[in-house]
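Presented below is the structure to which this report refers.
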Amino acid sequence: MNYVLTGGAGHITKPLALQLLKAGHQVTIIGRAEANLQELSAAGAKTAIGSVEDSAFLSKSFTGADAVYLMIPPIWNPANWKEAIGQVGKNYATALQAAGVKYAVLLSSIGAHMPDGCGPVSGLYLAEQALEAVPGLNLLALRPGYFYYNLLGNISMIKNAGIIGSNFGGNEEKLILSSTDDIASTAASALQQLDFSGFTVRYLVSDELTSQEIAQKIGNTIGKPELPWVAFTDEQAEQGLLGAGLPAENARNYVEMGTAIRSGKMFEDYQTDTVKIKGNNSFDDFLPKFKAAFEAAQ
């Protein structure tokens with residue numbers, strides 16, 4: 001099979017590419033810089049260097065692919081983050097239609113059923129809508145939960161303030177969590193089996209824990225067994241993100257997503273949907289990576 005993957009050498013695209021190459025498939029990686037793709041090139045992948053803002057480049061890169069893996073790269077300091085994410089989805093849609101690609105897997109997110117009110121995830125709603133409208137395209141929207149990897153962003157807070165937290169959590173509600181390794185494996189399976197048609201949504205959960213359970217597990221791992229999870233107000237969370245250097249538009253949307261988690265709205269469709277994939281990597285499996293990153297941080 002001939003696959004084209006967006007996402008460069010990211011936490012999901014890299015292991016996904018290596019799995020497909022190991023299985024004997026042709027793989028082309030779309031990235032922004034050749035230097036970042038050297039390991040994948042050495043493993044046998046082809047590369048296509050360009051921007052997801054360039055539909056003509058994408059069309060050329062997608063041509064001849066049996067299936068394409070799509071993800072929206074980080075977009076910092078946009079005028080409107082949701083619209084910017086949705087526009088990349090439109091670029092992908094234009095390119096897929098022009099290239100005649102029949103199968104695509106989109107890295108979406110739990111909460112992408114929400115047209116608004118879920119920060120950047122509502123941008124993924126727009127991307128899903130644009131791709132669903134492509135004639136003849138079989139699209140799998142893979143909707144994982146909150147990435148384990150995202151919790152690494154709390155390391156500075158733990159070191160400087162002795163706490164972990166956000167504008168959600170602090171209660172007994174379970175958070176839906178996903179491993180990037182599980183996402184890569186699930187995407188690899190879907191791309192090879194092509195066992196979806198029309199517009200298909202699949203949720204991926206690797207673990208479900210309360211915020212206090214997360215804090216306890218992390219605390220025990222790094223030698224801080226009393227580590228508390230603190231639920232911040234929206235205003236506190238936004239000020240913290242701005243203080244960490246995030247642009248105002250990104251900070252506001254992250255707070256909005258946290259509010260959707262806190263209210264439970266982000267997980268509503270997941271709770272009622274019957275198509276859930278259970279990952280193989282528990283949160284405990286992630287803890288050594290957290291410990292290594294914590295110890296390496298200054």
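The values are calculated or read from the model by the stated rules, or taken from the named source; none is laboratory data. Computed from a predicted structure; not experimentally measured. Neighbour counts are summed over all protein chains in view; Cβ atoms, including those assigned to glycine, are modelled from backbone coordinates with ideal geometry. Surface areas here come from the heavy atoms of the whole protein model, side chains and all, with no ligands, DNA or RNA. Shrake-Rupley method; radii C 1.70, N 1.55, O 1.52, S 1.80 Å.
Solvent-accessible area of residue 51, all protein chains in place: 50 Å² (probe radius 1.4 Å, heavy atoms, ligands and nucleic acids excluded). Cross-link reach is defined here as a Cα-Cα straight distance under 28 Å, omitting same-chain residues fewer than 8 places apart; for residue 174 the lysines meeting it are 82, 159, 217, 224, 265, 276, 278, 289, 291. Using each residue's phi in segment 257-266, evaluate 6.51 cos²θ - 1.76 cosθ + 1.60 at θ = phi - 60° and report the 3J(HN,Hα) Karplus result to the nearest Hz, with x for Gly and Pro. Values, residue by residue: 5, x, 5, 5, 5, 4, 7, x, 5, 5 Hz.
Summarising the amide proton neighbourhood of residue 204: residues at separation of 5 or more, or on other chains, whose placed amide H is nearer than 5 Å comprise 143, 145, 277.
Largest accessible area first, the listed residues 182, 285 line up as 285, 182 when surface is computed with a 1.4 Å probe on the assembled protein chains. From most to least packed by mean Cβ count within 10 Å, the peptides 266-275, 116-125 give 116-125, 266-275.
Annotation for segment 1-80: GluC sites (Glu not before Pro) lying in DSSP loop with at most 16 further Cβ atoms inside 10 Å of their Cβ are 53. Per-residue 3J(HN,Hα) values for segment 165-181, derived from phi via the Karplus relation 6.51 cos²θ - 1.76 cosθ + 1.60 with θ = phi - 60°, read x, 6, 8, 9, x, x, 9, 9, 6, 6, 9, 8, 10, 9, 8, 5, 5 Hz in sequence order (x marks Gly and Pro). Figure note: 32, 143 ranked by solvent-accessible area, largest first, 1.4 Å probe, ligands and nucleic acids not counted: 32, 143. Put simply, the amide H of residue 175, placed in the peptide plane, has neighbours under 5 Å in 209, 210, 211, leaving out anything fewer than 5 places away on its chain. When nucleic acids and ligands are ignored and a 1.4 Å probe is applied, residue 11 ends up with an accessible area of around 100 Å². Excluding residues on the same chain fewer than 8 positions from residue 90, give the aspartates and glutamates whose Cα lies under 16 Å from its Cα. Straight-line reach from residue 90, under 16 Å: 53, 54, 128, 132.
Segment 139-177 and segment 46-61 have Cα centres separated by 33 Å.
Across the chain, Cα pairs under 8 Å and at least six residues apart give a relative contact order of 18 percent. Within the chain, the proportion of Cα pairs with more than 28 Å between them is 38 percent.
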